[in-house]
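The values are calculated or read from the model by the stated rules, or taken from the named source; none is laboratory data. Remember, predicted model here, so these are calculated numbers, not experimental data. Positions of Cβ are backbone-derived with ideal geometry, glycine not excepted, and every protein chain shown enters the neighbour counts. Note: accessible area is taken over every heavy atom of the protein model, side chains too, but ligands, DNA and RNA are not part of it. Shrake-Rupley method; radii C 1.70, N 1.55, O 1.52, S 1.80 Å.
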Amino acid sequence: MSTPGIDRSRLVAWMAANVAEVGEPTGISLISGGRSNLTYRVETRTRLLVLRRPPLGHVLPTAHDMRREWRVISALAGTAVPVPEPVALCTDEDVIGAPFYLMGHVEGEALRNRDEADLSPEQARALSERLAEVLAAIHAVDHAAVGLAGFGRPDGYLARQLERWGQQWTRSKTRDLPEYDRLAARLRRRLPERSPAALVHGDYRLDNTLVRLAAGADPQIRAVVDWEMSTLGDPIADLGLTLTYWQDPGDTERSSIPLAGDITLTPGFLDTKEFAAHYARASGADLTDLDFYVAFGNFKLAVIVEGIHARFVQGKTVGEGFEHVGASVPTLVARAHRALDER
């Protein structure tokens, strides 16, 4: 049976030549999700692997870089940041039509919605605290010591990010949105002067981690995944995007925004202010300009979602649930304006 995005015979031949020790694939299946990069479960006779490749269409320049993800998880293996085991990288697009890499399977769940996990209030609080602590651990990595010197250019990071995501918007947009243009101008005027240098994940949220749940025990974050947008830059930009995904009780508007579910409404979960405060305690970071970073997070997510919507319009998405994605873009832009208004 064919699997979208995978040429099975070519993959089997490549694995036999490059990672013969893991055994021949006996089963390949698409893992649920796939709004961005595509992720597959690869069963072999000796072990279970995971394959990551770019989406099938509308791949923007610099986006969905498998080499980037590979470099990061290879560098972080053995550090305080939990990541899957790197197994093999393939840069030959002739194998399955795009670069890809293989990593070890991690026993854990990508939690998005409340009905996916039976968490007590104590477990929910512990999980949200651990999420903040792992983010702080990412930002504390000595990037030069682990081989990531030159992985990004932290000087001028925020200005370049605004420019980069603005270009992505131009390439992806399916309609004119004047409030987006006004937002981009406001963000340019409000750029914080500070620009600390740290490893940033670029899309940090609970369902980009794999969580191990056990009855009567605190949840464990076994791995952080989806490093495609990682670089060296301002760590508070990571926090701002995490808070963009977060839903507080009473925030009904947030429920219409894709890519993260409602698990943060589980009783016991920290709310956005508590999460930011716990991150600040774990990292020692100054959160004076947090409103800007939350606005920037909404801006960035609006561009990402518009790109997903563009792929859906072109018929290039794999999976279900894309038909309503585009409607959330104006909502994200409006939320960004409100965050800037709060100062």
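Annotations
- Each other residue within a Cβ distance under 9 Å of Glu228 adds +1 if Lys or Arg and -1 if Asp or Glu, for a net charge of -2.
- Computed from Cα positions, the angle between helix 290-313 and the longest principal axis of the chain comes to roughly 50 degrees.
- Estimated FRET transfer efficiency when R0 is 35 angstrom, pair Ala277-His324 (beta carbons, to 0.05): 0.55
- Cβ-derived FRET efficiency at R0 56 Å, Ser9 paired with Asp142, nearest 0.05: 0.80
- Entry comment: accessible area of the chain is 43 Å² per residue, from protein heavy atoms only and a probe of 1.4 Å.
- Protein heavy-atom surface of the chain, 1.4 angstrom probe: 47% of the accessible area is carbon and sulfur, with nucleic acids and ligands not counted.
- FRET efficiency for Glu116 and Thr91, using Cβ-Cβ distance with R0 set to 22 Å, rounded to 0.05: 0.05
- Spatially proximal lysines relative to Lys316 (Cα-Cα < 22 Å; intrachain offsets below 8 disregarded): Lys173, Lys300
- Helix 272-283 axis versus longest C-alpha principal axis of the chain: approximately 70°, rounded to the nearest ten.
- In degrees, nearest ten, helix 157-172 long axis to first principal axis of the chain (Cα): 70
- Here the gap between Ala217 and Ala80, fully extended at 0.36 nm per residue and compared with their Cα-Cα distance, gives a gain of 47.2 nm.
- Shown are Arg68, Arg189, whose ranking by accessible area with a 1.4 Å probe and every protein chain present, most to least, is Arg189, Arg68.
- Sparse-neighbour loop sites [GluC sites (Glu not before Pro); the stretch 126-225; at most 11 other C-beta within 10 Å; DSSP]: Glu193
- One chain, two ends: Ser256 and Arg188. Fully extended at 0.36 nm per residue, the span grows by 21.8 nm beyond their Cα-Cα distance.
- Local net charge near Val134, Cβ-Cβ under 12 Å (Lys/Arg +1, Asp/Glu -1): 0
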